[in-house]
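Quick one: the structure is below, questions incoming.
Bear in mind these aren't lab numbers, they're just calculated from the coordinates by the rules spelled out. The shown structure was predicted, so the numbers you read here are calculated from the model rather than taken from an experiment. A quick note on method: Cβ atoms are made from the backbone with ideal geometry, for glycine too, and the neighbour counts reach across all protein chains shown.
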Amino acid sequence: MPILFNKLHILQTSFLFEPNYYLILTAFAYYLIAFSLSYSVHHQEYLNTKLLYNLLSLFFGFSGTYYLLKSEWIKFIEFNSIEQYDLQLKAIIAIGLGCALCGVTIFQDKKIKLSLRNNKLESLEKQLNQETTAKIAAETKVAKLLAELEQKVLERTTALVSANQDLRETTTLMEKVANLTPNILYVYDLEKKCNVYSNRFVGEILGYSVSEIEEMNVQLFDKLLHPDDVDLVRQHHQDCLVLGQDDFIEFEYRMQDRHGNWHWLHSKDTVFERNVLGQPTQILGITQDITETKRIQSEAARLNLELAEKVETLEKWHRERIKLAKMNEFLQACLTIHEAQTALTDLLQPLFPHTHGAVYLINNSKNLLNAIAVWGLAHSEGSFEPHDCWALRRGNVHQAHPITPGLYCAHVNSEISVTPTLCLPMIAKGKTLGMLYLRFDRAESISDLVRELAETVAQNIAMSFANLRLQEELRHQSLRDPLTGLYNRRYLQECLTKEIDRAHRKGQFISIIMLDIDHFKRFNDVHGHSAGDLVLKEVGAYLISQTRQYDIACRYGGEEMVIVMSDASLEDSVMRAEEIRSGVKKLNLEHEGEKLESISVSIGISCFPDDSTDADSLIRAADKALYQAKEQGRDCVRRC
């Protein structure tokens with residue numbers, strides 16, 4: 001600074017003697033320095049030497065003013081006046097210079113301090129630079145780490161976004177699958193005791209929304225369960241607590257929908273979530289509506305039961321039909337009604353076990369029914385009139401029961417019989433032949449099958465007896481004379497040979513009684529053929545009534561008749577012939593309201609083995625004896 005001021009002083013001294021423009025140039029230079037210092041001071045915010053710079057600016061400002069006044073450019077100031085104040089101006093310049101020097105001294109002191117500070121600052125700056133370098137290195141490392149972290153975060157974020165997207169897609173897919181599955185999917189919380197998730201099919205099956213199901217507490221949920229299944233569902237939840245990881249439990253139960261309809265449900269449950277102790281807390285389940293399946297199973301069970309019952313019924317029906325066929329076969333094999341009557345009891349008992357009964361046949365007069373077969377305790381009369389049976393009156397099956405005692409037939413002993421009864425008329429070819437009577441031990445025994453069987457049996461018995469009667473009638477017609485009712489000559493020839501063989505084996509007698517109506521031709525001519533037929537019929541009926549069951553009375557031809565008496569000696573035969581001769585004379589004959597005269601018979605007798613040992617010889621011997629009776633006056637008995 002001193003050097004600067006010296007140079008300025010020299011310049012100032014030399015300019016005093018130069019032209020005016022140098023003075024003005026010098027003044028301008030001083031002003032420029034003052035302006036530069038002042039400008040620097042005002043634009044340095046942290047400058048510590050503002051006072052020094054302000055003093056220097058003032059000094060240079062005064063110096064510039066001094067030279068400006070010294071120039072001739074300032075015309076309004078007289079030069080003498082300038083000279084007058086020259087000392088003052090110099091004093092001012094000196095003061096400014098002194099101030100500047102003081103400022104320089106102060107500046108030097110501050111400069112020293114500033115130098116010390118600069119050294120310290122350099123040390124601090126060095127340290128700062130080192131720290132800055134370390135900081136930069138650390139920041140670089142941190143930036144690198146941050147970049148790596150950002151890259152990893154970006155990668156992780158990308159992976160997380162992708163995973164979240166996959167999770168959303170998977171969740172959406174699972175939700176679609178859950179909603180497309182025609183079953184209820186649910187998650188049941190074992191601690192909250194309610195469903196925390198259900199798919200939409202819970203609404204389609206039970207009529208409740210998903211939110212309604214999830215908001216139901218255990219009390220409301222139990223109300224939807226069938227009362228018989230509440231304990232079953234609770235036990236099922238207890239069983240779920242011990243399930244393994246991959247285990248599952250299936251069970252069936254019933255729930256009521258919003259409309260009050262019951263649904264059979266089949267659930268298959270497994271553990272969905274466990275707590276930190278590994279204990280199940282939530283159950284994942286799938287439920288299928290098996291109501292229709294249950295209905296089909298129930299219907300199938302019912303049909304199977306019906307089928308089994310029908311099979312059993314058919315088997316029973318088949319067994320009964322076998323027994324019935326056996327009965328029919330046996331009845332068809334019978335030659336006479338008497339044989340059939342004897343076999344009926346043993347044939348009917350197997351058909352109607354635990355049953356009592358009887359078979360009745362109506363007599364030829366149609367006014368009395370007689371029991372021909374009885375088994376068990378029938379509690380019915382042995383004989384009764386047709387009007388004593390409701391079945392015969394109505395011509396239809398009649399059933400009586402203890403709860404309606406007034407419907408028991410009169411032939412049933414209702415005081416003893418307090419069980420159900422069936423009366424079935426036996427009708428064949430429009431004719432009532434008799435009645436099948438059944439008494440059951442229990443009311444439930446009269447099933448439709450039993451009743452149908454009884455009706456079939458009654459019809460079969462009726463048909464069998466009708467056939468037997470027809471056979472007997474045909475046989476009767478083939479073996480008996482239609483006018484007299486006596487056996488014909490052909491039957492006589494067949495039976496006589498058999499009787500001779502039997503008598504020969506047993507050592508018995510056989511007597512042949514041959515009789516002839518006396519003067520029958522004349523009687524026939526006088527009274528007519530119808531009267532003659534009447535005589536033959538009455539004599540035939542009389543002979544039938546007078547012969548024993550095992551005797552054979554035959555019409556041998558015309559008015560001749562023969563009686564074969566088995567196991568009868570000649571004496572017995574003569575006695576019997578006399579009785580017949582006497583009885584014939586006592587017959588009261590009446591034709592067309594006219595009483596006819598009495599008739600007589602001539603009788604001839606032969607005996608086996610006294611007269612002969614063969615049938616033809618015995619007949620000829622009896623005929624010979626008859627001829628003798630006629631020769632000896634008729635109306636008498638003669639033996640061979």
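Can you tell me, using C-alpha contacts under 8 Å and at least 6 residues apart, the relative contact order of segment 480-639 as a whole percent?
Relative contact order, segment 480-639: 29 percent.
Rounded to the nearest 0.05, what FRET efficiency do S478 and L449 have when you use their Cβ-Cβ distance and R0 = 30 Å?
Between S478 and L449 the formula returns 0.10.
Arrange H504, H259 by Cβ neighbour counts within 10 Å, fewest through most, would you?
The order, fewest Cβ neighbours first, is H259, H504.
Let me ask something else about it. If r is the Cβ-Cβ distance from T342 to S545 and R0 is 25 Å, what FRET efficiency results, to the nearest 0.05?
The computed FRET efficiency comes out at 0.45.
How much length would be gained if the chain were fully extended between H354 and R394, taking 0.36 nm per residue of separation minus their Cα-Cα distance, in nm to one decimal?
11.7 nm
In segment 449-494, what trypsin sites (Lys or Arg not before Pro) fall in a loop by DSSP, with at most 13 other Cβ atoms inside 10 Å?
Answer in residue order: no site qualifies.
Now, a different point. So what's the gap between the Cα centers of segment 213-278 and segment 422-495, to the nearest angstrom?
Cα centroid of segment 213-278 versus Cα centroid of segment 422-495: 72 Å apart.
Where nothing but the Cβ of Lys and Arg (+1) and of Asp and Glu (-1) is charged, how large is the charge dipole of segment 412-542 around its Cα centre, in debye to the nearest 20?
Taking the Cα centre of segment 412-542 as origin, the dipole is about 420 debye.
How far apart, in nanometres, would the label points at E631 and E252 be if each is projected 7 angstrom from Cα along the Cα-to-Cβ direction?
Result for the modelled spin labels: 10.8 nm.
Run the numbers for K366 and S40: contour at 0.36 nm per residue of separation, minus the present Cα-Cα distance, in nm.
So the extension gain works out to 100.5 nm.
Now for a separate question. Apply 1/(1 + (r/R0)^6) to the Cβ-Cβ distance of E415 and V276, taking R0 = 60 Å, and write down the FRET efficiency to the nearest 0.05.
Efficiency, from the Cβ-Cβ distance: 0.10.
Among M561, M327, M575, which comes first, second and so on when ranked by fewest other beta-carbon atoms within 10 Å?
Lowest count first: M575, M327, M561.
With 10 angstrom as the radius, rank I403, I205 by how many other C-beta atoms surround their C-beta, starting from the fewest.
I403, I205
If you don't mind, another one. By how many nm would the segment from K316 to V161 lengthen if fully extended, with 0.36 nm per residue of separation less the alpha-carbon distance?
Additional length available on full extension: 47.9 nm.
Just grab the label-to-label distance for S530 and Q297, each label 7 Å out from Cα along the Cβ direction, in nm (one decimal).
8.9 nm
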